[in-house]
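**Q** Could you have a look at this structure, given as structure tokens, before my questions?
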Amino acid sequence: MPKKKLIRQGDYPYHVTTRNNNRDWFSIPMNEVWDICKESLIYAQEKEKVQINCFVLMSNHYHLLLTTPDENIDRFMMHFNWRISYLISLRTSRINHKFSNRYKWSIVADQNYLYNVYRYLYQNPIRAGISEACIDYPYTSLHFSRLEAELFQYRPHIDYAGAKQLIERRYDTEFDDCIRKSLKKSYFTPKQSISALYLKRLKDFKITI
């Protein structure tokens, strides 16, 4: 399948994910990878300003939701992934830590369902069986300090305390599967039946965007 053409835009967030080559786990402890990722966010922000909306680090990949008012996703991601690879290589004395191919991305242009994308990202550790609740997993943007949030240009669309019930609530897998498949497309567009269901759930929780 040919690579989709990158769309540079500044109106909607991108869901981005990058996985280690061969699906290998990071070769250093997760707390060290987490520190490297945070340092790399600062480094990349010094090169190219973006807004970080959500970040979740897993054992061999990460998920990132970011908004690019300057339409510079490619330049930011180049600096961010290069810095992570460089610092991990220094830490492990391994040459050329690599992510697998190019990062995958999809534009979340439907604002009504953006909160459910947050839910999908934060529930990654739950689906992996390593956490009982989103808030319990330490390697996500839910645990950014106030200073880190300022340094990373952290601008979430959602307040965890106000939307805890929705973020932590477990649903069926149909919508999660839809989000996974959306990374093969330029725009995230859930099926109409799923859209109606999740819009109802947003209204049930009195959440609006």
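The values are calculated or read from the model by the stated rules, or taken from the named source; none is laboratory data. The shown structure was predicted, so the numbers you read here are calculated from the model rather than taken from an experiment. For accessibility, only protein heavy atoms count, side chains too; no ligands or nucleic acids. Shrake-Rupley method; radii C 1.70, N 1.55, O 1.52, S 1.80 Å.
**Q** Please list, ordered by chain and number, the residues whose modelled amide H lies under 5 Å from the amide H of C54; skip anything fewer than 5 residues away on the same chain.
**A** Distant-sequence amide H within range of C54: L65.
**Q** Tell me the carbon and sulfur percent of the accessible area for the stretch 119-186, rounded to whole percent, probe radius 1.4 Å. Write down the numbers at each step before the final one.
**A** Working: 1830 of 3760 Å².
Summing carbon and sulfur atoms, their accessible area is 49 percent of the total for the stretch 119-186.
**Q** Give me a comma-separated list of calculated 3J(HN,Hα) values for the stretch 146-152, in order, Karplus coefficients 6.51, -1.76, 1.60 applied at θ = phi - 60°, integers in Hz, x for any Gly or Pro.
**A** Here the 3J(HN,Hα) series is 4, 5, 4, 4, 5, 5, 8 Hz.
**Q** Further, regarding this structure: Expressed as a whole number of Å, what is the distance separating the alpha-carbon centroids of the stretch 25-89 and the stretch 112-134?
**A** Here the two parts' Cα centres lie 19 Å apart.
**Q** Largest first, how would H143, H79, H63 line up by accessible area (1.4 Å probe)?
**A** H143, H79, H63
**Q** Continuing with the same structure: Would you check the accessible area of E32, probe 1.4 Å, heavy atoms only, in square angstrom rounded to 10?
**A** Roughly 50 Å² of E32 is accessible to a 1.4 Å probe.
**Q** With every protein chain present, what accessible area does C54 have (1.4 Å probe, heavy atoms only), rounded to the nearest 10 Å²?
**A** About 0 Å², rounded to the nearest 10.
**Q** Also: Using amide H atoms built 1.01 Å from N in the peptide plane, name the residues 5+ places from R19, or on other chains, whose amide H lies under 5 Å from its own.
**A** S100
**Q** Please list 3J(HN,Hα) in residue order for the stretch 173-187, calculated via the Karplus relation 6.51 cos²θ - 1.76 cosθ + 1.60 where θ = phi - 60°; whole Hz, with x for glycine and proline.
**A** 8, 4, 6, 4, 4, 5, 5, 4, 5, 5, 5, 7, 10, 6, 10
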